Every structure is written in C-alpha cells, then in structure tokens.
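Just below is one structure, and these are the notes that go with it.
The values are calculated or read from the model by the stated rules, or taken from the named source; none is laboratory data. This one's a predicted model, so the numbers in the text were calculated from it and none came from an experiment. Virtual Cβ from ideal backbone geometry, glycine too; neighbours counted across all protein chains shown. Remember, those area values only see protein heavy atoms, side chains included, never the ligands or the DNA or RNA. Shrake-Rupley method; radii C 1.70, N 1.55, O 1.52, S 1.80 Å.
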Amino acid sequence: MGRFTSVFLSCLSFLLFVVLLPHVSSRPAAVPARRSIVGETCNQIARGDPNVDFTFCSQSLRSAAGSDGADLHGLAIISLKLAVSNATSAATRAKALLKGNGLSRYYKSCLDACREVYADAVSDLRDATGMIRSGRLVDARVYISAAVDAPVVCEDGFQEGGLASPLAEEDGDLMQLAVIALAIAVRLG
C-alpha cells in the first residue's frame, strides 16, 4: 500500500472513531415501559357499573404483582385470582363464625349457605380462569356471572331473617371483584 492510502485510512479510522464514539454506548437500548391500563380499565368499569368503585378497582388490581405491565388478558387473570382469594377468605370466615356459641338455627343456616355459595364461587372463578386462558371467553363470562351472585345470595339470607350480616364487607368486596373480572372478560371479546 502506498503512503497516501495508509495515511488516508488512518485519518478515516480516526474520524469514524471520533464521530461514532458518542453514539455507541455500553448500555443496552432502553425498552419502552408498558403503559399501565389499570386506571383506564377501572375508570371504564366504574362508569359502567354502580357496583364498582374506581378506587377499590384500581387499588385492588394494582396490589397484584404484574398488574402494571399487564395487558387486558393479564388483568382478567389477575382480577379472577383476586376474586378467588376473596371468596376463599369469605368461606373461611363463614366457617369460623359457624363455630360460635349461642347462634340461632336460622343464623347458622345463613352462615352455612354463605359458606356453600362462596365455595361454589371459588370453583366457578377457578374454572373461568382456565377458560380465559384457553380462549373460551363466553363460557368464562357465564361462570364469572354465577360467582357475581354468591354475595347476593349470602346477603339475602340474612336480610330475609331481619339479621345483620357478619359478612357484609366480604360480600361487598366479592361483588366488586367478580363484577370487575366479568367486565374485563366482556372487554376481551
């Protein structure tokens, strides 16, 4: 190679080094973070259903791991898991209350009915989760709808007997969580 070519290549290498160096980074390119759809989803659900409070919806969904980056399908699964957890806790509480002393026969029958409908709701919600995962959305909505009725059935028993329900808070939460899951499942298609 001639002296001129050698000097030219050296200069070209230097220029490329100086020009490209500021643009080369040892850090990987930033991956844009997924925008959370929890707020938007809860806003739509709360506007469309008087049984759902926006704050309850958004706090419940955001409390679950993975919700911030979840898509609508992921939020459906998360909402179902939250509803299953709530119904399981409610069934456990009803069972514990049944062990109380001095309860009337009617009061015990109400608690037992609640325990049974909660157990059915847990089963329905778990089945619905599998259906969502496999794309059986219509079937999933039917099963979630059945779970929406569980807290209503529980509360009705106490109201018919003129009794205050010891499970009113659990029933209110389960109602909202099941309605949230149903509304998300409807939005899936």
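In table form, for the structure just shown:
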{"quantity": "19 Å reach of a label modelled at ASN43, 7 Å along Cα-to-Cβ, counting backbone N of the range 168-189", "calculated": "180, 183-184, 187-188"}
{"quantity": "Approximate spin-label separation SER134-TYR106, in nm, with each point projected 7 Å along Cα-to-Cβ", "calculated": "4.4 nm"}
{"quantity": "Gain in span if fully extended, LYS99 to ARG62, counting 0.36 nm per residue against the direct Cα distance", "calculated": "9.8 nm"}
{"quantity": "Residue (of SER165, ALA76, LEU182) at the positive-pole extreme of the range 52-189, dipole from beta-carbon charges", "calculated": "ALA76"}
{"quantity": "For peptides 162-170, 78-86, sequence by mean Cβ density within 10 Å, most packed first", "calculated": "78-86, 162-170"}
{"quantity": "Backbone N under 16 Å from the HIS73 label point (7 Å along Cα→Cβ), restricted to the range 115-136", "calculated": "129-136"}
{"quantity": "Most to least packed among 130-139, 106-115, 178-187 [average Cβ atoms within 10 Å]", "calculated": "178-187, 106-115, 130-139"}
{"quantity": "Average accessible surface area per residue within the range 114-160, 1.4 Å rolling probe, Å²", "calculated": "48 Å²"}
{"quantity": "Rg/Rg_ref, the range 99-157, where Rg_ref = 2.2 N^0.38 Å and atoms are Cα", "calculated": "1.41"}
{"quantity": "Positive-pole candidate from ILE132, GLY100, GLN44, dipole of the range 29-132, charges at beta carbon", "calculated": "GLY100"}
{"quantity": "Net charge over other residues, Cβ less than 15 angstrom from the Cβ of GLY135 (K, R count +1; D, E count -1)", "calculated": "+1"}
{"quantity": "Accessible-area ranking of ASP171, ASP127, largest first, probe 1.4 Å", "calculated": "ASP127, ASP171"}
